[in-house]
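The values are calculated or read from the model by the stated rules, or taken from the named source; none is laboratory data. On a predicted model such as this, the values are computed, not experimentally measured, just so you know. Please note: Cβ atoms are built from the backbone with ideal geometry, for glycine as well, and neighbour counts cover all protein chains shown.
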Number of protein chains: 2
Amino acid sequence: MDERFVVDTWHYVLGKHAKAMCALERELGDRHGLGPSEFEVLDRIVHHDRKLRIQELCDEVHLSQSALSRVVARLEKASLVSRVVCDDDRRGVVVCITDEGRTRHAEALPTQRAVLSQIFTDTPALAP
Amino acid sequence: MDERFVVDTWHYVLGKHAKAMCALERELGDRHGLGPSEFEVLDRIVHHDRKLRIQELCDEVHLSQSALSRVVARLEKASLVSRVVCDDDRRGVVVCITDEGRTRHAEALPTQRAVLSQIFTDTPALAP
DNA sequence: ATGCATTTAATGCCATTGCATGAGTTTTAG
DNA sequence: CTAAAACTCATGCAATGGCATTAAATGCAT
């Protein structure tokens with residue numbers, strides 16, 4: 001169809017993604033010791049406000065199952081979440097956010113919002 | 001400002017980026033033996049239709065200088081580009097696309113366009 | 001002209017990611 | 001009830017990317 005629109009949109013996505021990822025990595029990392037993926041996982045759990053199974057998280061975060069497994073492992077090592085074998089299906093694992101995890105997320109959230117605002121506001125939908 | 005818009009846009013970008021990257025990796029890789037970064041570099045050179053310095057490419061591709069250096073190295077190993085020390089500034093390196101590189105790019109271009117069209121057409125600007 | 005700071009690209013090192021696989025559990029078919 | 005198939009998550013491995021550093025070349029100031 002409109003090939004030009006498609007390609008322009010793709011470049012817009014590429015540019016914003018790179019810029020935002022880079023900034024998030026820097027800001028979240030320096031200020032809160034979190035990577036973008038770690039923050040995203042915490043954020044999903046807080047958003048749902050309940051325990052989530054790995055598989056549920058997998059649907060929400062744009063990571064492979066293996067990558068997610070490792071992110072959760074890192075979060076657990078940092079005491080921000082805990083992993084518990086699921087009661088009714090012992091193949092599954094539920095991820096619970098800890099108080100420390102909630103605190104860290106709450107601290108990091110304004111940083112993330114600030115970064116994203118910086119990047120996505122005052123920009124035309126398809127910036128040149 | 002409109003926090004909701006910012007976050008929604010970010011999720012849109014994340015989703016499209018993940019989907020497109022994944023599909024490009026698969027399709028370009030399987031059909032043409034190219035990674036997305038490799039294709040992107042070839043594409044930029046073809047688009048400009050001239051030799052480009054590494055640094056110029058760096059501005060156009062969303063890669064660090066070191067990553068770009070390695071992409072070009074891979075492309076050179078595959079005989080798709082050649083690297084020549086710049087005449088007027090012998091620190092610099094110009095990257096020239098080879099005939100084989102042009103051919104490969106021409107073959108891969110429709111694949112890339114097809115993937116992107118699939119993902120970016122018939123979707124509302126902010127898909128659910 | 002000489003020495004020092006700067007620029008440019010390549011490389012060492014490490015972190016993160018995806019694919020393929022593995023171990024354990026559940027479900028299904030017979 | 002048993003065996004095979006499917007599912008869920010973790011891990012080995014290789015690829016890719018970024019940061020910091022290096023080597024070489026250039027520019028600039030004295």
Checklist entry - Considering A:His32, A:His48, A:His17, which residue is under 18 Å from B:Tyr12 (Cα atoms) and at pLDDT 95 or above? => result A:His17
Next on the checklist: Quick check on my filter: what residues within region A:44-56 are assigned to a helix (DSSP H, G or I) and away from chain B (no Cβ under 13 Å)?
Outcome noted: A:Ile45, A:Val46, A:His48, A:Ile54, A:Gln55, A:Glu56
Checklist outcome for this item: Selection from region A:53-99 of residues more than 13 Å from DNA strand C (Cβ to nearest atom), of a type outside the set (Lys, Arg) and over 29 Å from B:Lys16 (Cβ atoms) yields A:Glu76, A:Ser79, A:Ser82, A:Val84, A:Val94, A:Cys96, A:Thr98, A:Asp99
Next on the checklist: Can you pull out every residue in region B:107-126 that is in a helix (DSSP H, G or I), of a type in the set (Ser, Thr, Tyr) and free of Cβ contacts under 8 Å to residues at least 24 places away in the same chain?
Outcome noted: B:Ser117
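Tell me, yes or no, whether region B:34-43 has at least one residue that is more than 14 Å from chain A (Cβ to nearest Cβ), acidic (Asp, Glu), in contact (Cβ under 8 Å) with a residue 40 or more places away in the chain and surrounded by 18 or more Cβ atoms within 10 Å (Cβ to Cβ).
Yes, that holds for at least one residue.
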Checklist entry - What pairs come up if the first residue lies in region A:66-93 and is in contact (Cβ under 8 Å) with a residue 40 or more places away in the chain, the second is in a helix (DSSP H, G or I) and surrounded by 15 or more Cβ atoms within 10 Å (Cβ to Cβ), and their beta carbons are under 7 Å apart, counting only those six or more places apart or on different chains? => result A:Leu80/A:Leu42; A:Leu80/A:Gly101; A:Leu80/A:Arg104; A:Val81/A:Val72; A:Val81/A:Leu75; A:Val81/A:Gly101; A:Val93/A:Ile54
Checklist entry - Considering only residues of region B:63-106 that are in a loop (DSSP other than H, G, I, E, B) and touching a Cys at 6+ places or on another chain (Cβ under 9 Å), which is surrounded by the most Cβ atoms within 10 Å (Cβ to Cβ)? => result B:Gly92
Checklist entry - In region A:13-33, which residue that is surrounded by 18 or more Cβ atoms within 10 Å (Cβ to Cβ) and facing chain B (nearest Cβ under 8 Å) is nearest to A:Thr111 (Cα to Cα)? => result A:Ala20
